[in-house]
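Chemist: Dumping the structure here so I can ask a few things about it.
The values are calculated or read from the model by the stated rules, or taken from the named source; none is laboratory data. Everything quoted here is computed from the prediction, not taken from an experiment. Cβ coordinates were reconstructed from backbone atoms using ideal geometry, including for glycine residues, and neighbour counts include every protein chain displayed. Ligands, DNA and RNA are excluded from the accessible area calculation, which covers all protein heavy atoms including side chains. Shrake-Rupley method; radii C 1.70, N 1.55, O 1.52, S 1.80 Å.
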Amino acid sequence: DSLSFYAHIRPFNYRSNPGEFSYARYLKQKQVFHQLIPVTAIQKIGFSHDIPSFFYQLREKIMQKTARLTSDTTCQQLINALCLGYKVELEEEIRQLFTTTGTIHLLSVSGLHTGALYLLFLFILRKLGFKRRKAELWLLPFLFGYACLTGLSPSVVRASTILSFIAIGKAFNRNYIPLNSLCAAAFLTLIIDPTALYSMSFLLSYSAYAGILIFYPLLF
């Protein structure tokens, strides 16, 4: 959105105790250097017409359909969180309940959701008569479309990129090594967005999956 208003521009305070988390340094890694304190009313004067805005509007339309499906606000919030990764309107009581039961990760759209959808649509395409090679390639735009729809979280981008490498390998009858696919996915992600290297979700997502690939054979 394009906004118009008068404001005081203030830099962030970088002073903190030694070893303490610095929110200002974290924002600097996100390319955010100043904060604005509005002194007049904020007016919306326009909005962009690009790929992110298209998927944002699409997600809004899907959430409107969710509201028509059920009048239960809790169900609406859970469906939007589980399917679209939209947790803004999730009530604090519900969020705390998932945290207490140790299932809060289910509310974060991740590789589990992406992999489940990938297998589901692959099964549907095979039933419609598509050969496996064509079905794998047809799913590539769907994977990244879903990643954009959920806000391009690192876990979904990781899963979509890895599945894309695997699908392309299968389509051209090439053998693949999961760890190589993981490294290639991380490398491609960092080429597009180098600041993701400082993202905790990026580090946790890739390191957790790498740990599974490395240690699972030993434990098995």
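Chemist: Enter the angle in degrees (range 0 to 90, nearest 10) between the Cα long axis of helix 154-171 and the first principal axis of the Cα atoms of the chain, meaning the one along which they spread out most.
Modeler: Roughly 30 degrees, rounded to the nearest 10.
Chemist: Here's a follow-up. With everything on Cα atoms, drop me the angle between helix 51-69 and the longest principal axis of the chain, reported from 0 to 90° to the nearest 10.
Modeler: Roughly 80 degrees, rounded to the nearest 10.
Chemist: Loop only per DSSP, at most 14 neighbouring Cβ atoms within 10 Å: give me the trypsin sites (Lys or Arg not before Pro) in segment 89-138, ordered by residue number.
Modeler: Sparse-neighbourhood loop trypsin sites (Lys or Arg not before Pro): K131.
Chemist: Answer with a single label: of (1) -0.40, -1.17, -1.29; (2) -0.32, -0.92, -1.03; (3) -0.41, -0.93, -1.01, which was calculated as log10 I(q)/I(0) by the Debye sum over Cα atoms at q = 0.08, 0.14, 0.15 Å⁻¹ from the structure in view?
Modeler: It is the one labelled (1).
Chemist: Could you pull out every residue, at least 5 positions away or on a different chain, whose amide H is within less than 5 Å of the one on Q35? Hs are placed 1.01 Å off N in the peptide plane, and Pro or chain starts have none.
Modeler: Excluding prolines and chain starts, which carry no amide H, the hits are R10, F12.
Chemist: Could you sort out which of K44/K87; K87/K170; K28/K87; K30/K134 sit more than 27 Å apart by Cα distance in this structure?
Modeler: Beyond 27 Å between Cα atoms: K87/K170; K30/K134.
Chemist: Mind checking the angle between helix 200-219 and the chain's longest principal axis? C-alpha axes, 0 to 90 degrees, to the nearest 10.
Modeler: Between the helix axis and the principal axis of the chain, the angle is about 30 degrees.
Chemist: How many angstrom separate the Cα center of segment 53-68 from the Cα center of segment 192-220?
Modeler: Here the two parts' Cα centres lie 31 Å apart.
Chemist: Please state the relative contact order of the chain as a whole percent: Cα pairs under 8 Å, 6+ residues apart?
Modeler: Once normalised by length, the contact order is 15 percent.
Chemist: Here's something else I'd like to know. Which of the peptides 20-33, 67-80 is most tightly packed, and how do the rest follow, going by the mean number of other Cβ atoms within 10 Å of each residue?
Modeler: The most tightly packed comes first, giving 67-80, 20-33.
Chemist: Rank these by accessible area, largest first, 1.4 Å probe: Y118, Y176.
Modeler: Largest accessible area first, the list is Y176, Y118.
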